[in-house]
Amino acid sequence: MHLFVYYKFVPAMFPDVQADAQTLIDQVKRAIPGAAAQLLRRPDVNDKGEHTWMEAYACAPEQFDALRAAVEQTASQLALPPNRHTEVFMAV
């Protein structure tokens, strides 16, 4: 199962996004053994000067609920942009 979380932000409003996002990923990987995670961003800013970043997670189907809960709980404790959008995908 795959969980994608994306968000947009103006860098001046969230100067520590990279550090906080990496902390989130590290904590989730420790909490969910075998989970994979990656931090991605679009190469360009949009017309509002916003960056778009994505956290990409993957785990076994039986771990998915725990992974999603760990992502949501840990993210709520960090200074990440508040409008986080999630999408779920599964292998075909």
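For Cα pairs less than 8 Å apart in space and 6+ apart in sequence, what is the mean separation divided by the residue count of the chain, i.e. the relative contact order in percent? Working shown, then result.
On the way: 138 pairs, mean separation 45.2, N = 92.
It rounds to 49 percent for the chain.
Which label belongs to the value computed from this structure, given these candidates for P(r) over Cα pairs in 10 Å bins from 0, in percent: (i) 17, 51, 26, 6, 0; (ii) 14, 41, 24, 14, 5, 1; (iii) 14, 36, 28, 17, 5? This structure yields the entry labelled (i).
Distance between the modelled labels on F89 and N46, one decimal in nanometres: 1.9 nm (7 Å Cα→Cβ projection). Our coupling estimate for the stretch 57-73, obtained by passing each phi through the Karplus curve with A = 6.51, B = -1.76, C = 1.60 and θ = phi - 60°, is 10, 9, 7, 5, x, 6, 9, 4, 4, 5, 5, 4, 4, 5, 4, 5, 5 Hz, Gly and Pro reported as x. Each residue of the stretch 22-38 was assigned a 3J(HN,Hα) from its phi angle through the Karplus curve 6.51 cos²θ - 1.76 cosθ + 1.60 (θ = phi - 60°); the sequence is 5, 4, 4, 4, 4, 5, 5, 5, 6, 6, 10, x, x, 6, 10, 8, 8 Hz, with glycine and proline shown as x. Taking 7 Å steps out from each Cα toward its Cβ at M13 and D26 produces label points 2.7 nm apart.
A short reminder: the numbers here are calculations on the coordinates, not readings from a lab. Treat the numbers as computed from the prediction; the structure is a model and nothing was measured. Because the Cβ atoms are built from the backbone with ideal geometry, glycine has one as well, and the counts that use them run over all protein chains shown.
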